[in-house]
Amino acid sequence: MAKTVSANGFDLDDSGQRVVVDPICRIEGHLRIEVNLDEANTIRNAVSTGNMWRGLEVILKGRDPRDAWAFTERICGVCTGVHALVSCRAVEDALGIPIPANANSIRNLMMLAQYTQDHLVHFYHLHALDWVDVTSALQANPRQTSALMQSISNWPKSSPGYFSDVQNKLKRFVESGQLGPFANAYWGSPAYKLPPEANLMAVAHYLEALDFQKEIVKIHTIFGGRNPHPNWLVGGMPCSINVNDTGAVGAVNMVWLNQVSDIINQAIAFVDQVYIPDLKAIAAIYKGWGYGAGLAGKNMLAYGEFPAYANDFSNDSLMLPGGAIINGDLSTVYDVDVRNPEEIQEFVTHSWYDYPGNSDGGLHPWDGVTEPRFELGPNAKGTRTNIEALDEGAKYSWLKAPRWRGNAMEVGPLSRFVIAYARGREDVKELVDSTLRDLDLPLTALFSTLGRTAARGLECTWSAHKMREVFDSMMANIKAGDTATANMEKWEPETWSVDTKGVGIGEAPRGALGHWIHIKDTKLENYQAIVPTTWNASPRDPAGNIGAYEAALLGTPLANAEQPLEILRTIHSFDPCLACASHVMSPDGQELAVVKLR
Ligand code: NFE
C-alpha cells in the first residue's frame, strides 16, 4: 500500500517499521495496536484491533425483555450499570412505559456517581502512569512535594511527613521486587517530564484515589443493592423510599439518604481539591505535547444524558445535550435520530463478521446481524495463533465499524463537552473557558490527547456537583409527598404489542451508548448494542474511513520506539473498554494471538 490518503483525509504510509503493542494494558478488555513508523519514529499508519468476540447479542435472543438489563449489565464491570440503564430504556421505549420522577432522579444519581468514580479511576489508575514516572518519585524531596501541594490545593493531606510516608511505602514496594500495580511500564522513558516532587504527589493521590473510589459507588449499593452490577427495573427503580422506615421494611430511609448526601460532599471535595489541581499541574507541564487529535474537533457525536424531566430525552431536558459535529464546523450541531436507518449503521468489511450475501453495506442496528467469521488477510504476517502483523486491507478486528451518516465519529467526554459548548451550555462553557484561561491555552488545544484527558476531569467535577443538584431536587419531591419509584402498569406481557421495536440511548462514561431491540411475541427477537469503544476503536469501513483511535495516533513521534509510551498516552486518553466493545472469545474457543505483557 505504502502512501495513501484515508477517505476521511488522513495521510497513511505503511512502508516503515511495524510496531505492535498487544495487549494494551491498564484498560478493560483486549486491545491490540499496530503502527508503522517513519525514519524519525513518527507514526504514519495505525491499526486498532479488538481481539475478542462479542457474543452477547446471540445470548439474548428468545429471552424475556424484562430480564435483558441483567444480562447486558454484565457486558462490563467498569461502566457497571450503564448497559442496564439503556436496556431498561430500550424496553420502556418499545412497550411505552413511563417512569416516575424519583426513578429518573435515582437513575441520574447512579449515572453521575458512575461518571465520578469511573473518571477518577481512569485518571489515577489507568492513565496517570503515562505521564507520571513512579520510579522518579523515589528521588523526590518530601518537603518540596508538600510545598508544591500546598501551592495548588488546600487538601489537608499535604504535610512533608505524609509525603515522606508515601515515599517509604513506595521504597518498600520497589525493594520487595513486587511492584504490583506499578510493574510493567515504560519507566525511565525520555517522554516523562514531571519533576520527582510532582511524581511523588501523583503517587500519593494514586493511593488515596484507590481508597476513595469505593466510597462513591456506595450510592449504587444504597439504591441498587450492590456494586458492581446494581439492580435495575423496567418501569423505574427497584428500591422503595420511606423516609420514616426504621429499617424494618428495608426501604431507602433517611439514614441512607443522609449517607448519599455525605458521599456527594466527599466526592466534590476530593475531585475539586485533588483531581482537578493534579490535572492542571500535569497539563501545565505537558501542554506542549499537542498530539492525538484524530477526529477530535472534526467529527464528534453524543446522544446526550441526564434527563432533568422523567421520560423527556429532548435537548431541552438533557443536562448534557446530544448532537453531531461534522468536518470541524462547530457552528452547526446536527440533531441525531437513532431510529433513522440512514443515520447509524454498522459495517463489517474489515471486521471478523459476515453480513448476508457478504454485503459491504451498512446495517442499522434494528436489522443488525452478528455472524462471526475469523480469517487473516493475505498480507498478515505470522500464524493464526501467533499473529506478527495484521492485514488492515482485509478483516482485522472483532469490532464492527459504526458510522453516523457514513462518518467515523469520536465519542466520549470530550465530544459531550464540545457539543454542549457548541450548543451554548453555560455551565460547560464556564468550566472549559476558565480551565483554558488558567493554562493559557486556546480552545483548539482541547482537540488533542491532553484535551480528552482534561475533558474527562472537567466532566468529573461537573458530575460531582450535579449529584448535589439532583439529590436536592429529589429530596424536595419526596418531601412534597411523592415517593413512587416504579410504574408496574405494563408489567404483564399480555399488555404488550405483539411486534414492537425500541431503542435506549444514553451516555456511558466513555461515550454514546445505544441498545436497539426488537420484541416479538413477548420475547427478544433481536438485540444489538453499539457501545462507545466500538465507535472509538473502530476498524476501517468499506469507504476507507479510519476510526478515532487510528486517526489520533497518526503524526505522533515516539521518543523511543522500544518504549512506545506515546501510543499508550493517546489510546488511554479514550479510556478504552474492549469488554464493552467486543467480548467472549473466538467462536471456536481458539487462541487468537500470543501476547506479551507490557
Ligand atoms: Ni466497559 Fe462502557 C463505558 C459502555 S465502553 S466501559 O463507558 O458502554 O465502550
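The values are calculated or read from the model by the stated rules, or taken from the named source; none is laboratory data. As the structure is a prediction and not an experimental result, all values here were calculated from the model. Cβ coordinates were reconstructed from backbone atoms using ideal geometry, including for glycine residues, and neighbour counts include every protein chain displayed. Accessible surface areas use protein heavy atoms only, side chains included; no ligands, DNA or RNA. Shrake-Rupley method; radii C 1.70, N 1.55, O 1.52, S 1.80 Å.
Secondary structure note: in the chain, about 95% of the DSSP beta bridges are antiparallel.
Farthest toward the positive end of the dipole of the chain, out of Ala324, Val217, Phe163, is the Cα of Phe163, where the dipole comes from beta carbon charges about the Cα centre.
Between Lys157 and Ser331, the simple label model (points 7 Å from Cα in the Cβ direction) yields a spacing of 4.9 nm. Each Lys and Arg Cβ is given +1 and each Asp and Glu Cβ -1; about its Cα centre, region 145-290 then shows a dipole of about 320 debye. Here's the picture: charge each Lys and Arg Cβ at +1 and each Asp and Glu Cβ at -1 in the chain, and of His119, Pro142, Trp366 the one pushed furthest to the positive end of that dipole is Pro142.
Per residue, the accessible area of the chain comes to 36 Å², computed with a 1.4 Å probe over protein heavy atoms only.
Using only side-chain charges placed at the Cβ, +1 for Lys and Arg and -1 for Asp and Glu, the dipole size of the chain relative to its Cα centre rounds to 1040 debye.
Is the C-alpha gyration tensor of region 191-306 telling us rounded, prolate or oblate? Criteria: a/c under 1.5 is rounded; beyond that, a/b larger than b/c is prolate, otherwise oblate. Oblate shape, in that a/c is at least 1.5 and b/c is the bigger or equal ratio.
Projecting the Cα positions of Pro181, Ala204, Asn253 onto the charge dipole of region 165-265 (unit charges on Cβ atoms of Lys, Arg, Asp and Glu, taken about the Cα centre) puts Pro181 furthest along the positive direction. Reducing region 66-95 and region 495-557 to their Cα centroids gives an inter-centroid distance of 14 Å. For region 427-481, the Kirkwood hydrodynamic radius comes to 12.9 Å, computed from all pairs of different C-alpha atoms. One chain, two ends: Lys171 and Ser497. Fully extended at 0.36 nm per residue, the span grows by 110.9 nm beyond their Cα-Cα distance.
Inter-part distance, region 115-130 to region 1-39, computed on C-alpha centroids, equals 25 Å. On the protein heavy atoms, probe 1.4 angstrom, tell me the percent of accessible surface of the chain carried by carbon and sulfur. Carbon and sulfur together cover 51 percent of it.
For region 23-115, the dipole from Cβ point charges (+1 on Lys and Arg, -1 on Asp and Glu) about the Cα centre works out to 200 debye, to the nearest 20. Placing Leu376, Leu399 in order of accessible area, with the largest value first and a 1.4 Å probe, yields Leu376, Leu399. Dimensions of the chain along the principal axes, based on C-alpha atoms and rounded to the nearest Å, stand at 67, 65, 49, largest first.
Backbone phi angles across region 206-213, fed through the Karplus curve with coefficients 6.51, -1.76 and 1.60 (θ = phi - 60°), yield HN-Hα couplings of 4, 6, 5, 5, 4, 6, 6, 4 Hz in residue order; Gly and Pro are listed as x. Extension gain for Asp262 to Ala394 (0.36 nm times residue separation, less C-alpha to C-alpha distance): 42.2 nm. Here the extension length gained between Phe374 and Asn242 equals 42.1 nm, from 0.36 nm per residue of separation less the Cα-Cα distance. Computing FRET efficiency as 1/(1 + (r/R0)^6) for Arg226 and Gln17, where r is the C-beta to C-beta distance and R0 is 35 Å, gives about 0.15.
Count the net charge of all other residues whose Cβ sits under 12 Å from the Cβ of Pro228, scoring Lys and Arg as +1 and Asp and Glu as -1. Taking every other residue near Pro228 into account, the sum is 0.
Be a star and scan region 456-481 for residues whose amide nitrogen sits under 19 Å from the point 7 Å along the Cα-to-Cβ vector of Arg437. Residues 458-459, 461-462 fall inside that zone. Taking a sphere under 12 Å around the Cβ of Asn407 and counting the other residues whose Cβ falls inside, with K and R at +1 and D and E at -1, yields a net charge of 0.
Considering helices alone, the calculated mean residue ellipticity of the chain at 222 nm is -11000 deg cm²/dmol, with DSSP H runs of length four and up weighted by -39500 (n - 2.57) and normalised per residue. For region 410-455, the fraction of C-alpha pairs farther apart than 11 angstrom is 65 percent. Between the alpha-carbon centers of region 195-272 and region 560-582, tell me the distance in whole angstrom. Using only Cα atoms, the two centres lie 29 Å from each other.
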